[in-house]
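Asker: Right, I'll just put the structure down here and ask away after.
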Amino acid sequence: MYRGARESWNLRDRHMFATLQALLAHRGRGTKGVVWAHNSHIGNAGATAMGWAGEFNIGELCRSSLGSDAVLIGFGTDRGTVAAASDWDQPMEIKAVRPAREDSYEYAFRKSGFARSLTDWRAPRRRALAEVLREPMLERAIGVVYRPETEFLSHYFEAVMAEQFDAYVWFEESRAVTPLAAARPEGAPETYPFGL
């Protein structure tokens with residue numbers, strides 16, 4: 001599963017989707033859920049280079065299973081800082097995020113002039129915006145690993161945003177998350193930080 005091949009990615013996201021289905025079934029009819037995941041997992045992979053290469057994700061599986069009842073929301077930023085490693089199994093660092101490339105969706109959102117926004121293009125009155133976002137462009141994905149020195153090759157991919165997401169949360173500048181303490185605090189339950 002950890003070799004990085006398409007099959008391992010698909011196995012992992014199929015498992016995420018099966019877990020979501022099991023949780024929804026356990027809670028009963030009419031249950032709603034929120035899945036918080038990286039854009040590469042939550043957006044419809046069928047609208048991205050990864051999907052065109054045969055990978056799928058939980059977002060695509062939700063869209064196929066739930067139709068418009070699934071609302072896929074992406075997040076993006078132009079610059080700031082991120083908590084990421086330089087490579088797999090390396091320690092976390094706080095790294096500066098380079099400003100977005102001019103041929104990317106992130107750059108287009110920066111040029112909109114809004115420092116922060118929630119843009120939803122599902123409504124019929126937003127049809128013109130959705131058409132603009134149907135033009136394939138580059139999109140940046142920064143996750144557990146961030147390699148600014150090879151950013152174009154390591155983090156950009158082609159996508160059709162209007163088909164990948166239903167809405168997009170935009171922060172022109174973002175700050176790295178503050179990690180929890182590595183050790184469990186005195187008196188915290190054994191399941192810390194998850195209160196299960």
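The values are calculated or read from the model by the stated rules, or taken from the named source; none is laboratory data. Treat the numbers as computed from the prediction; the structure is a model and nothing was measured. We place every Cβ from the backbone using ideal geometry, glycine too, and count neighbours over all the protein chains shown. The protein model used for the area step is the full one, side chains on, heavy atoms only, and it has no ligands, DNA or RNA in it. Shrake-Rupley method; radii C 1.70, N 1.55, O 1.52, S 1.80 Å.
Asker: Using the alpha-carbon centroid of each, what span in Å lies between the stretch 52-67 and the stretch 132-196?
Answerer: Distance between centres, Cα-based: 19 Å.
Asker: Note the per residue figure in Å³ for the convex hull of the C-alpha positions in the chain.
Answerer: Once divided by residue count, the hull of the chain is 154 Å³.
Asker: Let me ask another. In nm, to one decimal, how far is the modelled label at residue 53 from the one at residue 38, with both set 7 Å along Cα→Cβ?
Answerer: 1.3 nm
Asker: Rounded, prolate or oblate: pick one for the stretch 48-154, where a ≥ b ≥ c are the square roots of the eigenvalues of its C-alpha gyration tensor, a/c under 1.5 means rounded, and failing that, prolate if a/b is larger than b/c, else oblate.
Answerer: Oblate.
Asker: Which value, in Å³ per residue, describes the convex hull spanned by the Cα atoms of the stretch 134-188?
Answerer: Each residue corresponds to 143 Å³ of Cα convex hull volume.
Asker: With each run of n ≥ 4 DSSP H residues scored as -39500 (n - 2.57), what mean residue ellipticity at 222 nm is computed for the chain after dividing by its residue count and rounding to the nearest 500 deg cm²/dmol?
Answerer: -8000 deg cm²/dmol
Asker: So, with a 1.4 angstrom probe, what is the percent of accessible area on the stretch 143-196 that is carbon and sulfur? It would help to have the intermediate numbers written out before the result.
Answerer: Numbers: 2050 of 3550 Å².
Of all accessible area on the stretch 143-196, carbon and sulfur atoms account for 58 percent.
Asker: Could you please state how large a percent of the accessible area of the stretch 7-88 is carbon and sulfur, counting protein chains only and using a 1.4 Å probe?
Answerer: 58 percent
Asker: Same structure, new question: What longest range of the chain stays clear of loop-exposed chymotrypsin sites (Phe, Trp or Tyr not before Pro) (DSSP non-H/G/I/E/B, at most 13 other C-beta within 10 angstrom)?
Answerer: On the way: sites that count: 2, 36, 88, 114, 194.
Free of exposed loop sites, the longest segment is 115-193.
Asker: Right, another one. With +1 on the Cβ of every Lys and Arg and -1 on the Cβ of every Asp and Glu, and nothing else charged, how large is the dipole of the stretch 1-47 about its Cα centre, in debye rounded to the nearest 20?
Answerer: I would put it at about 120 debye.
Asker: I need the GluC sites (Glu not before Pro) found in the stretch 119-196, filtered to DSSP loop residues with at most 14 other beta carbons within 10 Å of theirs.
Answerer: 186, 190
Asker: Could you work out how much longer the chain between residue 190 and residue 94 gets when fully extended? Use 0.36 nm per residue separation minus the Cα distance between them, nm to one decimal.
Answerer: Answer, rounded to one decimal: 31.7 nm.
Asker: Separate question: Loop-only check: which GluC sites (Glu not before Pro) in the stretch 43-117 are DSSP coil with at most 12 other Cβ within 10 angstrom?
Answerer: When the GluC sites (Glu not before Pro) of the stretch 43-117 are filtered for loop state and at most 12 Cβ neighbours within 10 Å, 102 remain.
Asker: Let me ask another. Provide the FRET efficiency to the nearest 0.05 for the residue 68-residue 183 pair, computing r from the beta carbons and using R0 = 35 Å.
Answerer: Between residue 68 and residue 183 the formula returns 0.20.
Asker: Run the quick spin-label model on residue 129 and residue 150: label points 7 Å from Cα toward the beta carbon, then report their separation in nm to one decimal.
Answerer: About 3.7 nm separates the two model spin labels.
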